[in-house]
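Visitor: Can you keep this structure in mind? I'll have questions shortly.
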There are 2 protein chains.
Amino acid sequence: MSPTIKDVAQKAGVALSTVSLVINRKSNVRQETKKRVENAIAELNYHPRRTARGLASQRTYNLGFILTEDHFSQAEPFYTKIFLGSEIEARKHHYYILLTTVQKNFRQGAPIPRFLLERNVDGVILAGKVSNGLIDFVQGMGLPLVMIDYTTPACKASTVLIDNYGGACAAVNQFIKEGHRDIAFVGGEASHPSLSERLRGYKAALQDQGIPVRDALISNAEPYTGVDDGREATRKLLGTGVPFTAVFASNDTMAVGVMRCLKEKNLTVPRDVSVIGFDDIEVCLQVEPCLSSVRVFKEDLGAIAVRRIVEKIEDDRMMVNRVLVPVELVLRESTARAPQQVIQRIVSG
Amino acid sequence: MSPTIKDVAQKAGVALSTVSLVINRKSNVRQETKKRVENAIAELNYHPRRTARGLASQRTYNLGFILTEDHFSQAEPFYTKIFLGSEIEARKHHYYILLTTVQKNFRQGAPIPRFLLERNVDGVILAGKVSNGLIDFVQGMGLPLVMIDYTTPACKASTVLIDNYGGACAAVNQFIKEGHRDIAFVGGEASHPSLSERLRGYKAALQDQGIPVRDALISNAEPYTGVDDGREATRKLLGTGVPFTAVFASNDTMAVGVMRCLKEKNLTVPRDVSVIGFDDIEVCLQVEPCLSSVRVFKEDLGAIAVRRIVEKIEDDRMMVNRVLVPVELVLRESTARAPQQVIQRIVSG
DNA sequence: ATATGTTATCGAAGCGCTTCGATAAATATA
DNA sequence: TATATTTATCGAAGCGCTTCGATAACATAT
């Protein structure tokens with residue numbers, strides 16, 4: 001059996017509670033006693049047990065991290081990276097993270113993460129779009145809460161958001177700078193606020209430069225945001241016969257679909273059409289040509305959320321706030337100056 | 001404050017310890033008392049606290065998952081997937097996973113995962129190549145241990161291994177079946193036993209079919225196993241002038257490098273050279289042509305490890321064993337019948 | 001010298017459970 | 001019916017800490 005605080009107290013010749021005071025850097029302990037205790041700790045190689053401390057202090061030093069199932073199992077490790085960012089930051093603050101998923105549509109009667117019921121976390125991070133019911137439940141328990149990449153108007157919790165709007169503007173402005181005027185938008189059904197923000201940025205950037213926003217160049221009817229949805233959206237866009245020389249896709253996966261479709265139609269990227277995606281996931285470097293994208297600092301999102309929640313746990317007067325994490329336009333091979341003459345439409349099948 | 005076991009006992013009109021017996025499905029409790037207690041639990045919406053149970057029972061229901069730093073931060077989420085597989089399986093058994101990384105060269109004096117010191121886990125999973133010092137440390141603590149994708153001859157712990165040997169054989173046999181005889185091997189420096197197993201399988205499959213193993217067709221001198229190493233290895237292979245029509249790469253990342261190099265030299269995959277990788281990571285579907293590969297069921301590795309360790313925790317007489325997880329050859333576009341005549345070497349730069 | 005305030009240390013209670021030995025109730029055996 | 005055996009329930013101790021009020025030791029003011 002490993003040593004307990006009692007053993008340390010004995011060895012140091014002090015009361016058990018004094019050892020505790022030393023461990024927790026509390027109040028007034030004489031230098032000399034402190035030394036004695038520290039020596040005893042070192043000699044015995046003593047480490048207090050988490051469970052015991054947890055029970056006595058009502059602090060677990062665990063954080064709950066909740067994702068919806070679909071985000072979790074997605075091939076593209078967008079949220080996984082956020083989680084890993086949290087993990088690393090959490091350790092710096094001496095916390096561990098308990099990860100769990102909930103069904104997309106959490107509501108009354110749905111199974112509740114066990115770590116909440118068992119009061120095994122000091123705070124909760126919610127990543128991505130989760131149901132309001134869950135948000136309310138966590139707050140109802142009186143647990144500190146931080147949300148990542150999602151929020152609701154009513155939600156009174158700290159939030160870490162991506163600068164979707166700014167990123168979209170940057171992408172579109174880049175196109176405009178390079179002489180493009182017929183810029184299409186490809187995004188899936190905007191059920192996630194991030195996606196509608198990206199559309200909003202697209203529109204705003206165009207208007208800012210006096211370029212009219214044309215519905216014929218906007219595709220956001222596809223049900224999801226996968227490669228195939230991007231491809232299908234592009235097919236439809238080409239089908240309308242309205243010419244364009246650039247496409248801003250609301251995420252990289254769709255952008256890959258856009259590129260596939262263009263290639264099928266014998267259009268060359270970036271000679272005929274320039275493309276910019278969003279997120280900057282690995283695939284950008286694996287397609288040909290390499291895809292320009294708006295980089296999202298995924299690990300940072302996680303790390304920032306952890307810092308916020310630790311602050312909140314350690315000082316519960318901490319204000320609710322909203323962090324907008326900047327993004328970065330990364331130009332690669334999929335963008336170029338607009339072609340001299342607008343390409344002729346290839347009639348679609 | 002949420003209800004405690006005391007509240008339940010009061011409400012049900014039984015002793016506190018009886019409630020505990022019901023919760024833990026222990027010994028003999030009369031049907032009727034059991035019902036009473038269960039009703040009280042339901043009415044109060046009672047859930048025992050993890051920390052309290054942990055302290056009393058010396059069981060945390062946490063599992064430690066240890067990776068080396070380099071594996072963790074690798075872009076390619078091979079180990080991440082293993083971890084996620086563990087995570088999901090762990091929840092099924094009512095465990096949570098505490099994740100941490102250690103330096104590649106853990107030894108005396110290196111920081112030890114906090115969850116070990118604080119006795120905050122019931123068992124440990126080690127994934128990938130970790131130092132012996134760490135293995136010894138965990139076992140020295142008397143904690144159940146399961147290793148994934150790595151083992152040492154001396155190690156007395158249950159192990160979950162990939163069938164590297166079998167996978168390599170399958171790949172090479174496929175080449176042979178399609179008429180290839182000049183089959184090259186591209187693998188990085190075989191510091192990880194998995195990689196040398198793959199080389200061993202390659203050799204064995206050739207010999208089995210009476211095809212001589214030629215050192216000139218084997219490249220395993222590159223320091224790492226990244227894309228660039230694969231490309232460089234191929235360049236050197238081509239440079240020797242020894243003709244080949246197929247390449248088995250010991251992982252997909254290197255295989256991508258192989259394909260890049262071949263393309264640079266104006267060789268077409270699979271017309272001129274067939275390629276098969278190993279691991280079956282996402283990139284296989286993102287390159288052109290799609291890469292054939294030996295699929296490793298990463299999530300399964302994690303899940304199996306969890307099952308093993310839970311068994312061990314719950315019954316410590318459990319035997320140490322070694323599971324060899326099968327792999328699956330996935331044929332895509334990068335393999336074809338051997339060309340009629342051996343291609344002429346392009347002289348390398 | 002005594003009263004007053006500070007600082008350092010201690011002991012005991014308590015956190016919310018599990019577990020074990022004791023006891024009471026129910027059942028079987030003689 | 002009395003006794004032995006089995007089954008159900010209970011009370012108390014204990015898991016290893018934190019925390020708080022009490023006390024002892026020391027310094028300062030009167």
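Just so you know, all these numbers are worked out from the coordinates, no wet-lab data involved. Just so we're clear, the structure is a prediction, and the values are computed from it rather than from any experiment. Cβ: placed from backbone, ideal geometry, glycine included. Neighbour counts: every protein chain shown.
Visitor: When the Karplus curve 6.51 cos²θ - 1.76 cosθ + 1.60 is applied with θ = phi - 60°, which whole-Hz ³J(HN,Hα) does each residue of the range A:144-151 get, with x for Gly and Pro?
Guide: Residue by residue, the range A:144-151 yields x, 9, 10, 10, 10, 6, 5, 6 Hz.
Visitor: Separate question: List the pairs from A:K81/A:K236; A:K263/B:K265; A:K81/A:K177 whose alpha-carbon separation is above 26 Å, in the order I gave them.
Guide: Pairs exceeding 26 Å: A:K81/A:K236; A:K81/A:K177.
Visitor: For the pairs B:K11/B:K35; B:K92/B:K129; A:K203/A:K298, note any where the Cα-Cα span goes beyond 21 Å.
Guide: Beyond 21 Å: B:K92/B:K129; A:K203/A:K298.
Visitor: Here's a follow-up. Which aspartates and glutamates, on any chain, are close to A:K156 with Cα under 13 Å apart, when same-chain ones fewer than 8 places away are left out?
Guide: Within the straight-line cut-off, A:K156 pairs with A:D136.
Visitor: Once Rh is set to the Kirkwood radius over Cα pairs, what Stokes-Einstein translational diffusion coefficient, in µm²/s, holds for the range B:5-48 at a temperature of 20 °C and a viscosity of 1.002 mPa s?
Guide: 217 µm²/s
Visitor: Taking the Cα atoms only, what angle lies between the long axis of helix B:298-314 and the longest principal axis of chain B, rounded to 10 degrees?
Guide: The angle comes out near 40 degrees.
Visitor: B:C169: net charge of surrounding residues, Cβ under 10 Å, Lys/Arg +1, Asp/Glu -1, itself excluded?
Guide: +1
Visitor: Next question. Out of the DSSP beta bridges found with both residues in the protein assembly as shown, what percent are antiparallel (nearest 5)?
Guide: Of all bridge pairs located within the protein assembly as shown, approximately 10 percent are antiparallel.
Visitor: In whole percent, what relative contact order does the range A:5-48 give with Cα contacts below 8 Å and a gap of six or more residues?
Guide: Relative CO of the range A:5-48 lands at 44 percent.
Visitor: Give the separation of the Cα centroids, the range B:129-193 to the range A:272-292, in Å.
Guide: 35 Å
Visitor: Over the Cα atoms of the range A:221-349, how large are the radius of gyration and the largest Cα-Cα distance (Dmax), in Å?
Guide: Values for the range A:221-349 (Cα only, Rg and Dmax): 18.9, 63 Å.
Visitor: Put a point 7 Å out from Cα along the line to Cβ at A:D228; what are the distances to that point in the other copies, in nm, shortest first?
Guide: Its label point is 3.8 nm from the equivalent points in the other copies.
Visitor: While we're looking at this one, here's another question. May I ask for the net charge around A:L16, where only other residues with Cβ less than 12 Å from the Cβ of A:L16 are counted and Lys, Arg are +1 while Asp, Glu are -1?
Guide: Values: positive: A:K6, A:K11; negative: A:D7.
Net of charged neighbours comes to +1.
Visitor: Take the Cα atoms of the range A:104-176, find their three principal axes, and give me the spread along each one in whole Å, biggest first.
Guide: Computed over the Cα atoms, the extents are 54, 23, 20 Å.
Visitor: Let me ask another. For the protein assembly as shown, what is the charge dipole size about the Cα centre, in debye to the nearest 20, if Lys and Arg each add +1 at the Cβ and Asp and Glu each add -1 at the Cβ?
Guide: 2040 debye
Visitor: Find the relative contact order for the range A:164-295 and round it to a whole percent, using C-alpha pairs within less than 8 Å whose residues are 6+ positions apart.
Guide: So the answer I get is 25 percent.
Visitor: Counting pairs of Cα atoms in the range A:164-295, how many percent are more than 17 Å apart?
Guide: So the portion of pairs separated by more than 17 Å is 50 percent.
Visitor: Across the range B:275-285, in residue order, what do the Karplus-derived ³J(HN,Hα) couplings come to in whole Hz, using 6.51 cos²θ - 1.76 cosθ + 1.60 with θ = phi - 60° and x for Gly and Pro?
Guide: With coefficients 6.51, -1.76 and 1.60, one gets 9, 10, x, 8, 3, 6, 8, 3, 4, 4, 8 Hz.
Visitor: Here is a further query. Distances in nm, one decimal, shortest first, from B:R295 to the same residue in every other copy, taking the label point 7 angstrom along Cα→Cβ.
Guide: Ordered by increasing distance: 3.4 nm.
Visitor: Express the Stokes-Einstein translational diffusion coefficient of chain B in µm² s⁻¹, to the nearest whole number, given a Kirkwood radius over alpha-carbon pairs, 37 °C and a viscosity of 0.692 mPa s.
Guide: It diffuses with D of about 143 µm²/s by this estimate.
Visitor: Now for a separate question. For the protein assembly as shown, place one equal point scatterer on every Cα, skip the solvent, and apply the Debye formula. What is log10 of I(q)/I(0) at q = 0.05, 0.08 Å⁻¹?
Guide: -0.31, -0.76
Visitor: Kindly give the distances from B:R337 to its copy-mates, label point to label point, with each label point 7 Å from Cα along Cα→Cβ, as nm values to one decimal ordered shortest first.
Guide: List, nearest first: 5.0 nm.
Visitor: Let me confirm one metric for peptide B:83-94, namely the mean number of other chain beta-carbon atoms within 10 Å of its residues' beta-carbons.
Guide: Mean inter-chain Cβ contacts per residue within 10 Å come to 3.
Visitor: Additional query: For chain B, find the longest principal axis of its Cα atoms and tell me its angle to the long axis of helix B:193-208, 0 to 90°, nearest 10.
Guide: So the inclination is approximately 50 degrees.
Visitor: Here is a follow-up. Taking the Cβ of A:Y202 as the centre, find all other residues whose Cβ is under 12 Å away and add up their charges (Lys, Arg: +1; Asp, Glu: -1). Walk me through the numbers before you get to the answer.
Guide: Details: positive: A:R198, A:R200, A:K203, A:R214; negative: A:E197, A:D208.
Residues near A:Y202 contribute +2 overall.
Visitor: Something else: Amide H of B:Q74 versus every other amide H placed in the peptide plane: which residues, excluding those fewer than 5 positions away on the same chain, fall under 5 Å?
Guide: It is none; the list stays empty.
Visitor: Across the residues of A:284-292, average count of Cβ atoms on other protein chains within 10 Å?
Guide: Mean inter-chain Cβ contacts per residue within 10 Å come to 2.
Visitor: Is it possible to state the helix-based mean residue ellipticity at 222 nm for chain A, with each DSSP H run of 4+ residues giving -39500 (n - 2.57), the sum divided by total residues, to the nearest 500 deg cm²/dmol? What is it?
Guide: -12500 deg cm²/dmol
Visitor: Quick one: which residues, 5 or more positions from A:V330 or on another chain, have an amide H under 5 Å from its amide H? H modelled 1.01 Å from N in the peptide plane, none for Pro or chain starts.
Guide: Amide H neighbours of A:V330, under 5 Å, 5+ apart: A:S293, A:V294, A:R295.
Visitor: Could you give the angle, 0 to 90 degrees to the nearest 10, between helix B:78-92's Cα long axis and the longest principal axis of the Cα atoms of chain B?
Guide: 30 degrees
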